[in-house]
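Working notes, beginning with the structure itself.
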Amino acid sequence: MACLSFKTVCKGTSLLFFVIVLGMNAQTDTAASATTNSPSTESQTSAPTTASATTSSSSTECETSAPTKPDVIRDLRVTNITTSSVFLRWNEPGGKRDFFQIQWTDDKTKRHSTTNTSYNITDLTAGVSYTFCITAVAADQSTEGEPVCISNYTKPDVIRNLTVNNITTSSVFLTWNEPGGKRDFFRIQWTDDKTNRNSTTNTFYNITDLTAGVSYTFCITAVAADQSTEGETVCISNYTSM
């Protein structure tokens with residue numbers, strides 16, 4: 001019983017060899033399964049990259065989009081005109097805007113901005129024509145609507161040192177000094193029981209055909225080149241000789 005036959009040994013060896021082969025086949029199948037699953041894992045990790053690129057592209061597109069142009073402002077007008085300032089008013093444009101760009105020119109250009117629908121411009125020169133332009137600007141501070149412009153003269157300054165000279169029974173000779181800034185001509189007016197008018201570009205004027213011994217009031221007004229914008233009037237009263 002202690003001794004095994006050759007046939008029994010061979011059968012046992014064959015069984016052992018069969019078990020070893022089955023184990024090797026199992027390991028091979030496991031490796032093949034891992035290899036087969038690997039592309040699926042790679043595919044799953046690459047998908048978020050595509051989504052990220054799409055999101056980045058969308059974000060870039062949004063960042064580069066530009067606002068539409070603001071509409072034009074409405075009803076621009078000039079009020080409270082003085083020798084050195086004007087007050088501008090206007091109505092809101094349609095749609096949206098962030099602020100207004102203001103520009104005014106004579107022989108040079110100046111700029112300012114405001115969020116209001118009015119603006120007081122100062123430090124102007126008397127008797128000068130200015131062009132004032134208002135432009136609505138979008139929130140990116142660069143996209144502008146069409147400008148709306150208006151031109152207006154500032155008031156001429158008052159004449160200085162008006163005097164009455166060479167008084168006779170029927171005439172007086174008026175002299176005065178130039179006002180500050182600019183003017184086009186001077187309007188002259190004198191009254192007793194009626195009013196008379198004339199104009200001159202000089203700083204003197206001889207008034208004739210007066211009545212002896214009568215008190216007259218003589219007034220001089222500087223007028224701008226538009227022939228309608230006037231400065232303040234300066235007057236002086238005097239009798240003609242008897």
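Answer yes or no: is there a residue in region 174-181 that is farther than 30 Å from THR217 by Cβ, over 12 Å from the mean Cα position of the chain (by Cα) and open to solvent by less than 40 Å² (accessible area, probe 1.4 Å).
The answer is no, given that none of the residues of region 174-181 is farther than 30 Å from THR217 by Cβ, over 12 Å from the mean Cα position of the chain (by Cα) and open to solvent by less than 40 Å² (accessible area, probe 1.4 Å).
Scan region 151-168 and report the pairs whose first residue is among the small types (Gly, Ala, Ser) and at pLDDT 95 or above and whose second residue is in a strand (DSSP E or B) and open to solvent by less than 40 Å² (accessible area, probe 1.4 Å), with Cβ atoms within less than 7 Å and a gap of 6+ or a chain change.
Every condition considered, the pairs that remain are SER151/TYR130.
Under 6 Å between Cβ atoms, at least 6 apart or on separate chains: pull out the pairs that start in region 217-231 with a residue that is part of a strand (DSSP E or B) and end on any residue that is at pLDDT below 95 and open to solvent by 10 Å² or more (accessible area, probe 1.4 Å).
Within 6 Å, the pairs are THR217/THR191.
For region 71-129, which fully contained strands (runs of 3 or more DSSP E) count at least 3 residues that are of a type in the set (Phe, Trp, Tyr) and touching a residue at least 12 places away in the same chain (Cβ under 8 Å)?
In region 71-129, the matching strands (runs of 3 or more DSSP E) lie at 99-105.
For region 131-164, what are the residues that are open to solvent by less than 40 Å² (accessible area, probe 1.4 Å) and closer than 30 Å to THR217 by Cα?
The answer is THR154, PRO156, ILE159, LEU162, VAL164.
I'm trying to understand the selection: among the residues of region 196-219, which are more than 22 Å from SER241 (Cβ to Cβ) and either surrounded by fewer than 16 Cβ atoms within 10 Å (Cβ to Cβ) or not hydroxyl-bearing (Ser, Thr, Tyr) (or both)?
Listed by number, the residues that qualify are ARG197, SER199, THR200, THR201, ASN202.
The values are calculated or read from the model by the stated rules, or taken from the named source; none is laboratory data. In this text the structure is predicted, and so the values were computed from the model without any measurement. With ideal geometry, Cβ positions are generated from the backbone for all residues, glycine too; neighbour counts draw on all protein chains shown. In case anyone asks, the SASA skips ligands and DNA or RNA and just uses the protein heavy atoms, side chains included. Shrake-Rupley method; radii C 1.70, N 1.55, O 1.52, S 1.80 Å.
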